[in-house]
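A short worksheet on the structure shown next.
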Amino acid sequence: MLERAGQAVALTLLSERSRRNEKRQAETALLHELRRPWNVDEDSARRRAHELGIGVLRDGVLSEAAPAAWLPVVVRWERPGADPLGEHQGGGAVLDALAWALGRERTTALAGRLGAASVAVLVPLAARTPQDAVVERVLTAAEQRLEGAWRVLAGVSDPESGMIGAAARLDEAGMIAEAAVSLLARDGSAEGGPSQDGTVADHAARQDAVRSGSVRSGSARRRCFRAQDVRLRGLLAMLRGDERVQMFARAELGSVLDVERHEDRELLTQFLACGGNKSLLAQRIHLSRPALYGRLARLERRLGVSLDDPESRTSLHVALLIAEVEGC
């Protein structure tokens, strides 16, 4: 009897896994069709999503009404202590964890593999839903489900009223997620608190989110990113390794990139951080103004540009950011 019971349990588990895999394949197929909508229209896409159990839940029941909007999200993952996003084998575990987290959040989503280390997600939203708070809670719960095996983050684009429009924004969400990965690789775990370039949520905003319940107080690491979070550093992070970008930085900074010119590089960084205000810079680095003017004059000669020119300062600032992203 015990043997037959064990066989019954094994068959039940296999059947459940088969149904889950079939549903996941159907969701992935629909996602790819939505991204290239030659043979699918909005009504049929929404109907197919509803048949898969995807839509707005009201009191735990799938509503017949169309969602107010669809939120495009791309989730990426990394294994702690390893190179970011190098392990494509985490996809199945991440999808399982996301499905569990969505159920815990009492919401649904159309989710499927987008690439080797990313998952595309379209989240149906009811009116006045706090978008980023929902994503942040789902990611936090999914990471807890993964029990530390994987860390997750997401790029989020603007919501659209239709599924096809939202699917068209997945590429943008993917770029945001990729940029966020690069930024976090540079900044470490990116715990709550301000970074110099504003790419990490400030402490006050995070405390407000904790008090409102949108983010758990025990987990301060940022997981949900939008375009305004990654900004210029995000763009440069996505261009990392491009020889043209590296050539621009070398042309702008020249010998300042040399190790023995560390003081020049630090002076230029501080000067640009002060917005070109020499009086403020003199106070910040505790140097007399005549001595500072002499050092800046020598720096200008090495760079071959005028530091009083706004366009030159902009170019130099971008070049320094490139050097930082490239690890030069």
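Quick rundown of the values:
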read-out	value
Difference of contour (0.36 nm per residue) and Cα-Cα distance, residue 29 to residue 79	15.3 nm
Neighbourhood net charge (12 Å Cβ-Cβ; Lys/Arg +1, Asp/Glu -1) for residue 158	-1
Calculated FRET efficiency for the pair residue 240/residue 20, C-beta based, R₀ 35 Å, to 0.05	0.40
Alpha-carbon centroids, the stretch 112-126 and the stretch 267-328: separation in whole Å	43
Spatial extent of the stretch 1-148: Rg and Dmax, with the Cα atoms as the point set, Å	16.9, 55
Cα centre as origin, Lys/Arg/Asp/Glu Cβ charges: the stretch 231-292 dipole, Debye	320
Pairwise FRET efficiency - residue 10 versus residue 226, Cβ, R0 = 45 Å, nearest 0.05	0.50
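Laboratory data are not the source of any read-out in this text; all were calculated from the coordinates shown. Bear in mind the structure is a predicted one, so any value in this text is a computation, not a measurement. Cβ coordinates were reconstructed from backbone atoms using ideal geometry, including for glycine residues, and neighbour counts include every protein chain displayed.
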